[in-house]
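J.: Starting off with a structure, shown below.
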Amino acid sequence: DPEFADATYIEPITLDFLEQVIAKERPDAILATLGGQTALNAAITLHENGILEKYQTKLIGADVAAIRRGENREEFRAIVARIGGESAKSIICHSMDDCFKAASELNYPVVVRPSFTMGGLGSGIAFSKDELEQIAGAGLRFSPVNEVLLEESIIGWKEFELEVMRDNHDNVVIVCSIENIDPMGVHTGDSITVAPALTLTDVEFQNLRNLSIAIIREVGVATGGCNIQFAINPANGRIVVIEMNPRVSRSSALASKATGFPIAKIATKLAIGYSLNEIPNDITQKTPASFEPTLDYIVVKIPRFAFEKFPEADTRLTTTMKSVGEAMAFGRSFPEALQKAMRSL
């Protein structure tokens, strides 16, 4: 924003242009966790090409190692195992031959998840070899590291997200819990969501909370926020960690609006050295940001689709995001918030 920034550039986010900007502005540090998946990928590219070292520019918030641990499917799966959590059975693949072998081991249907992509780009659920060839082929192309994860199907399980923040003194807060009304198999951006989560038992919520805190510490997100997604089998309560985004995400924006806790603003202050107890809560004006928000109301988000403008598009909801916007509403009860959100569309 030109009103707040010292300098604004409207340029392609490529290595050449980024180096030119860094060479001209000579920033002391870069905060990549506020720019979405594109910024994380750009930060890794700058590091791998020696640009950050050349201009003595630091990465703050999350360093390259933390970004890789959070975004690389295999490394993240190992982290979940180390902290005592459970991931869905999965196999890393780098070619179509690997994908066909993995599918025969996992049995169809299988979920395809490319590494280092956003919005579920290149992901999908394959019910046959032909579908796998199409979906995994696209996933390998879209992944900047040519890597996809083939995962056992957990379609129909309940899906939850937690927004977590950590400061440089290792204080961790859970900002918000979000429940997806649509089950696993539908991208969270295409699902109706409700905050706070309504169908978790106290024990289940505490288990998700403990896992989230252990994950953000083990991944090494030094300061700032991250989004961690879980699936729970409604039949037996089995909890599976799906993935994490070591950055401010689409869900972070929802959580900020739902709770009044400005995640992006606080993440920026944490990155430059503030601790959570030093940042005042903008809503209460009395408590610090280290106090976890408590809601006495319900927030519902409903996605907005534009299939009428794209008659050729596949209208089935899958793990690839298809919505173009969303409406959000507040209410004292779930029916009130849901109906307000429906009217807002």
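J.: Checking N277 against (1) surrounded by 20 or more Cβ atoms within 10 Å (Cβ to Cβ); (2) under 15 Å from V175 (Cα atoms), only one condition comes out false. Which one?
T.: Here N277 clears every test but (1).
J.: Then there's this: Listed residues G122, G156; which is assigned to a loop (DSSP other than H, G, I, E, B) and either surrounded by 22 or more Cβ atoms within 10 Å (Cβ to Cβ) or touching a strand residue (DSSP E or B) at 6+ places or on another chain (Cβ under 6 Å) (or both)?
T.: The match here is G122.
J.: Hey, among the residues in region 232-256 that are touching a residue at least 40 places away in the same chain (Cβ under 8 Å) and assigned to a loop (DSSP other than H, G, I, E, B), which one's nearest to R73 (Cα to Cα)?
T.: P246
J.: Which one of the conditions (1) assigned to a helix (DSSP H, G or I); (2) surrounded by 15 or more Cβ atoms within 10 Å (Cβ to Cβ); (3) within 16 Å of the chain's Cα centre (by Cα) does T38 fail to meet, given that it meets all the rest?
T.: (2)
Matching residues to (1) touching a helix residue (DSSP H, G or I) at 6+ places or on another chain (Cβ under 9 Å); (2) outside the structural domain of R247 (by TED's automatic domain parsing); (3) not in a helix (DSSP H, G or I):
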residue	(1), (2), (3)
I178	yes, no, yes
V186	no, no, yes
V203	no, no, no
R209	no, no, no
S212	no, no, no
R217	no, no, no
G225	yes, no, yes
F230	yes, no, yes
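J.: Across region 48-87, what is the number of residues that are in a loop (DSSP other than H, G, I, E, B), of a type in the set (D, E) and within 22 Å of V148 (Cβ to Cβ)?
T.: Within region 48-87, residues that are in a loop (DSSP other than H, G, I, E, B), of a type in the set (D, E) and within 22 Å of V148 (Cβ to Cβ) number 1.
J.: Of the residues that make up region 37-60, is at least one free of Cβ contacts under 8 Å to residues at least 24 places away in the same chain and closer than 26 Å to A253 by Cα?
T.: No: region 37-60 contains no residue that is free of Cβ contacts under 8 Å to residues at least 24 places away in the same chain and closer than 26 Å to A253 by Cα.
J.: Would you pick out the residues in region 125-152 that are free of Cβ contacts under 8 Å to residues at least 12 places away in the same chain and either small (G, A, S) or buried (at least 16 other Cβ atoms within 10 Å of the Cβ) (or both)?
T.: E131, the sole residue that qualifies.
J.: With respect to the numbered conditions (1) touching a strand residue (DSSP E or B) at 6+ places or on another chain (Cβ under 6 Å); (2) in a helix (DSSP H, G or I); (3) of a type in the set (K, R), which one is the sole condition not fulfilled by R141?
T.: (1)
Here's the yes/no breakdown for (1) in contact with a Leu (Cβ under 9 Å, 6 or more places away or on another chain); (2) on the phi > 0 side of the Ramachandran plot; (3) surrounded by 16 or more Cβ atoms within 10 Å (Cβ to Cβ):
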{"residue": "T57", "(1), (2), (3)": "yes, no, yes"}
{"residue": "A62", "(1), (2), (3)": "yes, no, yes"}
{"residue": "I79", "(1), (2), (3)": "no, no, yes"}
{"residue": "F116", "(1), (2), (3)": "yes, yes, yes"}
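J.: Further, regarding this structure: Can you name the number of the only condition in (1) touching a strand residue (DSSP E or B) at 6+ places or on another chain (Cβ under 8 Å); (2) buried (at least 19 other Cβ atoms within 10 Å of the Cβ) that A29 fails?
T.: Every listed condition holds for A29 apart from (2).
J.: Taking the criterion of being loosely packed, with under 14 Cβ neighbours inside 10 Å, closer than 27 Å to M184 by Cα and in contact (Cβ under 8 Å) with a residue 40 or more places away in the chain, would at least one residue in region 302-315 satisfy it?
T.: Yes: region 302-315 contains one or more residues that are loosely packed, with under 14 Cβ neighbours inside 10 Å, closer than 27 Å to M184 by Cα and in contact (Cβ under 8 Å) with a residue 40 or more places away in the chain.
J.: Within region 266-282, restricting attention to residues that are aliphatic (A, V, I, L, M) and part of a helix (DSSP H, G or I), which residue is nearest to P27 (Cα to Cα)?
T.: So the residue we want is A271.
The values are calculated or read from the model by the stated rules, or taken from the named source; none is laboratory data. The shown structure was predicted, so the numbers you read here are calculated from the model rather than taken from an experiment. Because the Cβ atoms are built from the backbone with ideal geometry, glycine has one as well, and the counts that use them run over all protein chains shown.
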